[in-house]
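Asks: This is the structure, below, for whatever I ask next.
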Amino acid sequence: MGSDLRITIPGRFPKPEVRTNQADNASRVGRILVVDDEQGISDFLLFGLRDEGFEVYTAGSGEEALAHLEEYKPHVVLLDVMLPGMDGYEVCRLLRERSRAAIIMLTARDDVEERVKGLVTGADDYVVKPFSFDELKARIDARLRTQFPELRAVARIGKFEVDQEQHLVRYEGAALSLSRTEFALMEMFLECPGVALTREQIMSRVWGDQFSGEDNILEVYIRYIRNKLHDHKRTLIRTVRGVGYRLDLN
């Protein structure tokens, strides 16, 4: 069954560490419990969702999931219908009695009766195998927004924190007041720290191929960002002569 999964693991940042921002108690990591007895699917979801910044736990049976429910305290449970021993519907019913977690049921059967049975039992959503990782991730995000609006993933890259939802970058804990263009520049630098980006790459990404403005517009915005970072010695955003610019995290 694992071979049927269409696997695409997106991610703009290089495996960011997602953590609780101590200055904002509302910023927490989403916890996901995967309940599936197929090791291939379980591992695929474990590594894929961890790569997206979630805190992920796995259980090979409903009994195991219920036994560790208080320990894991998941926000989302990905629950396979066909489990050894207690089936997914019974697990769903018991989960709903004990937890406010969003329950997304995973099943190989795509018929109305099965979907209705899962929803009546207490499931919040239903995904039919094979499914794409992107679709599942979107459904998880939708459930978190609806049922746990206090959660917000914050990507930490060196001394930087990037909050995509709030369109915000922090450096050493201080929020930077960035314009839309400055945010786009920082976003590009933080996607590949330590890599020299050419002027052409940056211009194409941030301003588009058809840009016909001032020739020195990039230099102007690099200066704006350096000032906001207090990077007066240019040790953060370095000029790479003959190439472009590079963000150094050290």
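The values are calculated or read from the model by the stated rules, or taken from the named source; none is laboratory data. It should be emphasised that the depicted structure is a prediction, and the values quoted were computed from it without experimental measurement. Glycine also receives a Cβ, built like all others from the backbone with ideal geometry; neighbour counts cover every protein chain displayed.
Asks: Would you confirm whether any residue within the range 141-153 is under 21 Å from Glu55 (Cβ atoms) and in contact with an Asp or Glu (Cβ under 7 Å, 6 or more places away or on another chain)?
Replies: For the range 141-153, residues under 21 Å from Glu55 (Cβ atoms) and in contact with an Asp or Glu (Cβ under 7 Å, 6 or more places away or on another chain): present.
Asks: Same structure, new question: Considering the range 146-168 alone, what residues qualify as being at pLDDT below 85 and not in a strand (DSSP E or B)?
Replies: Pro149, Glu150, Leu151, Arg152, Ala153, Val154, Gln164, Glu165, Gln166, His167
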